[in-house]
Amino acid sequence: MADTPSRDVTISTIAAEAGVSAPTVSRVLNGRGDVAPATRERIEGLIRAHGYRRRGNRARERIGLLDLVFNDLDSPWAVEIIRGVEDAAHAVGTGIVVSAIHRRASSARQWLENVRSRASDGAILVTTDLDPTLHAELRELHVPAVVVDPVGVPDLDTPTIGATNWAGGLSATEHLIHLGHRRIAFVAGRPELWCSRARLDGYRAGLETAGLAVDDDLVVPGEFGYESGFRAGERLFDLADPPTAVFAASDQMALGVYEALRRRGLRVPADVSVVGFDDLPEARWSSPSLTTVRQPLSDMGRLAVRTVQRLVRRETIESPRVELATELVVRDSTAPAP
């Protein structure tokens with residue numbers, strides 16, 4: 001057999017030849033002691049014969065390969081996360097594999113098979129609701145994972161990185177109240193997402209603190225995208241008593257509201273003030289420029305890489321849940337109530 005590594009040799013190749021599972025090969029490569037001596041010897045012989053590069057202790061010094069997985073890659077939001085991950089990974093010489101699973105169980109399992117084959121050192125899961133079985137398989141492969149912007153209530157078994165969504169929702173609502181608005185609408189994100197619920201709760205808290213009732217007619221569902229923002233705007237401005245201000249749970253939905261207003265001949269902010277959430281690059285270049293809540297997306301990606309690196313080194317993580325601060329950025333889309 002070859003003395004140098006073959007590009008075709010993977011953990012799965014060695015597992016098949018040894019008659020064991022891929023996780024068993026991974027345990028040997030990572031220096032685990034829970035493998036029978038005869039099995040270990042057989043696997044190590046195949047590793048030597050194939051010239052497969054042992055990752056073991058070296059993987060604990062730095063991350064050689066990192067998997068970054070999203071539900072979808074069709075949003076500028078995802079690009080900002082990638083930007084932060086790439087920046088931090090490049091600084092430490094780490095390679096990145098970016099995947100999208102499109103919320104399909106079959107795609108998630110295929111991704112896991114790919115992780116197993118390429119022996120990734122760690123994984124960053126972005127709003128990815130992987131089922132407990134897949135999380136367990138990652139642990140069995142000794143692939144530490146970090147979740148960015150978790151879908152549901154954070155699982156304390158896996159470190160999570162998010163933003164202060166509740167505080168961001170509160171600050172956006174308070175800004176509009178201070179401008180004299182009393183009928184303030186909210187375009188919500190998908191209700192199953194933790195961040196969506198937190199932003200909605202912040203909006204409600206802002207109204208209640210100011211002594212304003214929450215009008216259910218002014219809270220409309222959305223899906224974070226431009227089209228859902230447009231539909232929400234159409235619905236809100238069909239009301240007999242429409243709002244004077246709209247807070248949307250994402251910049252893209254806020255820009256969808258812009259279009260709904262434009263088609264009705266209404267002006268932002270002279271007739272209606274609009275606030276978004278995220279502070280994507282397009283928020284600065286929209287017309288008028290969008291007042292929004294800045295979510296530190298790139299910083300979240302950078303911190304995720306550093307957290308995975310600490311897990312690979314088996315260093316202590318101070319907190320399983322980290323929330324980075326949001327910040328209200330006031331631009332030209334908000335003005336005193338007409």
Residue span Ala49 to Glu327: 0.36 nm per residue of separation minus Cα-Cα distance leaves a gain in nm of 94.5 nm
Surface accessible to a 1.4 Å probe, per residue, for the residues of the chain, Å²
45
FRET efficiency for Arg263 and Glu318, using Cβ-Cβ distance with R0 set to 51 Å, rounded to 0.05:
0.55
Is the stretch 167-256 rounded, prolate or oblate when judged by the Cα gyration tensor, a ≥ b ≥ c being the square roots of its eigenvalues, rounded requiring a/c under 1.5 and prolate requiring a/b larger than b/c?
oblate
Full-extension gain in nm, Trp285 to Asp201, via 0.36 nm per residue minus C-alpha separation
27.4 nm
Interchain or long-range residues, amide H under 5 Å from Asp279's placed H
Asp251, Val293, Gln295
Starting from the amide H of Arg321, placed 1.01 Å from N in the peptide plane, find each other amide H under 5 Å away whose residue is 5 or more places distant or on another chain.
Thr160
Residue span Ala270 to Ser106: 0.36 nm per residue of separation minus Cα-Cα distance leaves a gain in nm of 54.1 nm
Here the percent of antiparallel bridges among DSSP beta bridges lying wholly in the stretch 241-338, to the nearest 5, is 30
Carbon and sulfur together cover what percent of the accessible area of the chain at a 1.4 Å probe radius?
50
Per residue of the stretch 37-51, in order, report the coupling 6.51 cos²θ - 1.76 cosθ + 1.60 (Karplus, θ = phi - 60°) as ³J(HN,Hα) in whole Hz, putting x for Gly and Pro.
x, 5, 5, 4, 4, 5, 5, 5, x, 5, 4, 5, 5, 7, x
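The values are calculated or read from the model by the stated rules, or taken from the named source; none is laboratory data. What you see is a predicted model, and the numbers here were worked out from it, not measured in a lab. Using ideal geometry, Cβ is built from the backbone for each residue, glycine included, and neighbour counts are taken over all protein chains shown. SASA here: full protein model, heavy atoms, side chains in, ligands and nucleic acids out. Shrake-Rupley method; radii C 1.70, N 1.55, O 1.52, S 1.80 Å.
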